[in-house]
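The values are calculated or read from the model by the stated rules, or taken from the named source; none is laboratory data. Model, not experiment: these values are computed from the prediction. Every residue, glycine as well, gets a Cβ built from its backbone with ideal geometry; the counts of neighbours run over all protein chains shown. Just so you know, the surface numbers come from the protein's heavy atoms only, side chains and all, with ligands and any DNA or RNA stripped out. Shrake-Rupley method; radii C 1.70, N 1.55, O 1.52, S 1.80 Å.
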Amino acid sequence: MVTNTAERAQTPRRSAWPVNRRRGGGKLSLFIERNGAYLFLFPAIAYLAIFTVFPLIRGVLLSFTATKLVNPSGGRPVGLDNYNYLLASDRFWASVGTTLLYTLFTVVFAVGIGTAAALLLNKAFRGRGLVRAIATVPWAVPTVAAALIFVWIYNNEQGILNSTTMALGFGQHGWLIDPRYGLLSVTLATVWKLTPLVMLVMLSALQSVPHELREATWVDGASPLQSFRAVTLPHIMPTIRVITLLMTIWSIRRFEIIFLITGGGPLDKTNTLVVNVYRTAFQDQNLGRAAAIGALGLVLSLLVTVVYFVVEQIQERQESQR
């Protein structure tokens, strides 16, 4: 009895620290298990907050001030004066109209030509891989290089476009100096640059169309057009809607290729909203008014997005009722 008591007295007591450590580790593991998704999302959320949300809020606040480029920290509050000035400005509304026309033509032709090219390149033929690779070259060309290419094409004296029109008997045209052709010139360059992207996206969408359904329509005697309308088009229509939305938003805020080719001219015929922001901020040196133009451009993009989702919901309801 005495011996057992002495042995117990000499036996070192086990520390409670490992137990507490295990308990702490268990709580940490449980926390990670419950909130792991938020932890993985945190870097992306932090990035968006620092580089997107904060500059956006700062820009909106800047639009309510009279801030000059030479003194960016010395702006005084002016309320809605910048917005009132823009809403009464013919130049601003002209830039809105130019932006809408540019966006409309760019989206229609880029999506239309890109979809048609995807349908052609989806067919099996010799050298299809090489043709697909060549067709993607315009998208791979840097924007500055693409602008320089089209500046050379539109050159009055040595440009290939004027050489072609003169050879065909249509005469010489000032593609970059004539106000009638300014918007057309930048639209053609943009469509050339964006069409390969649409083509690649639509090629991916066409891979998801069940070949068995198309073969069934052929067995039933449907023409290629009827087969396309009955099978292919319903499967790729969601992709067409998404790429159309993305192209619309990108076209509203496109700056580089327009500014590099025409600089907003001739006679403001290519002065889109984004080009107008640059001119107002860095040429007129009015940061507050430029921020107001940017805020109104953001509202335009949001309206386009809202219209897209409303149309999407209406179509989903119609399809569910069938």
Mean-position separation - Cα centroids, segment 251-285 and segment 77-101, in angstrom: 14 Å
Distance (nanometres) between label positions extended 7 Å along Cα→Cβ at residue 285 and residue 31: 5.4 nm
Summed residue charge, Cβ within 10 Å of residue 290's Cβ, Lys/Arg positive, Asp/Glu negative: +1
The chain, relative contact order in percent, only Cα pairs under 8 angstrom and at least six apart counted: 25 percent
Pairwise label distance in nanometres, residue 177 with residue 41, each label 7 Å out on the Cα-Cβ vector: 5.7 nm
Lys, Arg +1 and Asp, Glu -1 on Cβ, resulting dipole of segment 208-322 about Cα centre, debye, nearest 20: 340 debye
Kyte-Doolittle at least 1.0, axis length at least 27 Å by Cα - qualifying DSSP helices, the chain: 90-121, 182-206, 233-252
For Cα extents along the principal axes in Å, calculated from these coordinates, the label among (i) 123, 73, 45; (ii) 113, 74, 37; (iii) 114, 63, 31: (i)
All lysines inside 23 Å of residue 193 as judged from Cα atoms, apart from same-chain residues fewer than 8 positions distant: 269
Förster radius 35 Å - calculated FRET efficiency between residue 137 and residue 101 (Cβ-Cβ, nearest 0.05): 0.80
Largest to smallest accessible area among 177, 160 [probe 1.4 Å]: 177, 160
Environment charge at residue 202 (Cβ cut-off 14 Å; Lys +1, Arg +1, Asp -1, Glu -1): +3
Positive-end extreme of charge dipole, the chain - chosen from 47, 250, 145 (charges on Cβ): 47
Probe 1.4 Å, accessible area per residue of segment 180-322, Å²: 52 Å²
Estimated FRET transfer efficiency when R0 is 56 angstrom, pair residue 69-residue 235 (beta carbons, to 0.05): 0.65
Net +/- balance of residues flanking residue 66 in space, Cβ distance below 14 Å, scoring K and R +1, D and E -1: +1
Solvent-accessible area, 1.4 Å probe, carbon plus sulfur percent, for segment 61-116: 71 percent
Expected 222 nm ellipticity per residue - DSSP helices of 4 or more, -39500 (n - 2.57), all of the chain, to 500: -22500 deg cm²/dmol
Dipole of segment 86-202, positive direction: furthest Cα of 170, 106, 120, with charges on the beta-carbon: 120
